[in-house]
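Derivation of every value follows stated rules applied to the coordinates shown; laboratory data play no part. Just so it is clear, the structure is predicted and the values come from calculations on it, not from any experiment. Please note: Cβ atoms are built from the backbone with ideal geometry, for glycine as well, and neighbour counts cover all protein chains shown.
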Amino acid sequence: MSAFLVFASSFVLVIGVAASGGRFRPDQWYAELKKPVGLPPNWLFPVVWISLYAMMAVAAAWVWLAEPSHFRTAGLIIYAAQLVFNAAWSWLFFGLHRTGLALIDLLVLITLVSINTWLFVLVDTGAGLLLVPYLIWLLIALYLNASVCWLNRRA
């Protein structure tokens, strides 16, 4: 497969994940939740996610184009798995209003992205480093999600 097709496929994949998660947006339920200190402004979320998805797509393409190896195969499998958990979070949090399940999903996602980052580094250091901002953002999301759970728990 040509490099162009690999990059194009990688971007189409993350656009699909973004679109599936983007179907579930903050609504009146979310507006009424108690929010944690340090919540970024709403306009920042799409800016950050567009950047992260672009970096994820490039990282995956670089790894796909690398020499075949067990690390490459494992990295791409874990990458696909984390995309599923990535898409599921918005559905759980904004679609079903299940903040606790979304938190569990996020913990699994962070674990997968941590493993994914390590595997990508073993294949292509630059590709692995491109996932570090994603991992940092997920840790911020963990704080926000856990705080929303705590602040809005039932007595």
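Before moving on, here are some points about what is shown:
- Candidates L106, L139, L130, ranked by Gaussian network fluctuation over the chain, Cα under 10 Å, top entry: L139
- The long axis of helix 44-65 is offset from the longest Cα principal axis of the chain by roughly 20 degrees.
- J(HN,Hα) series, region 128-134, from Karplus relation 6.51 cos²θ - 1.76 cosθ + 1.60, nearest Hz, glycine and proline x: x, 5, 5, 8, 4, x, 4
- Extended-chain gain in nm, criterion 0.36 nm per residue less alpha-carbon gap, S51 and A31: 4.7 nm
- Selection of trypsin sites (Lys or Arg not before Pro), region 10-82, meeting DSSP coil and at most 13 other Cβ within 10 Å: R23, K34
- Using 0.36 nm per residue and subtracting the Cα-Cα separation, the extra length available between V108 and A8 on full extension is 33.2 nm.
- Across region 9-25, coupling constants 3J(HN,Hα) worked out from phi with the 6.51/-1.76/1.60 Karplus curve, θ = phi - 60°, read 4, 5, 5, 4, 4, 6, 5, x, 5, 4, 5, 5, x, x, 5, 10, 10 Hz, and Gly and Pro carry x.
- Hydrodynamic radius of region 3-151 per Kirkwood, over alpha carbon pairs, in Å: 15.8 Å
- N152-S69 FRET efficiency (beta carbon distance; Förster radius 41 Å; 0.05 resolution): 0.35
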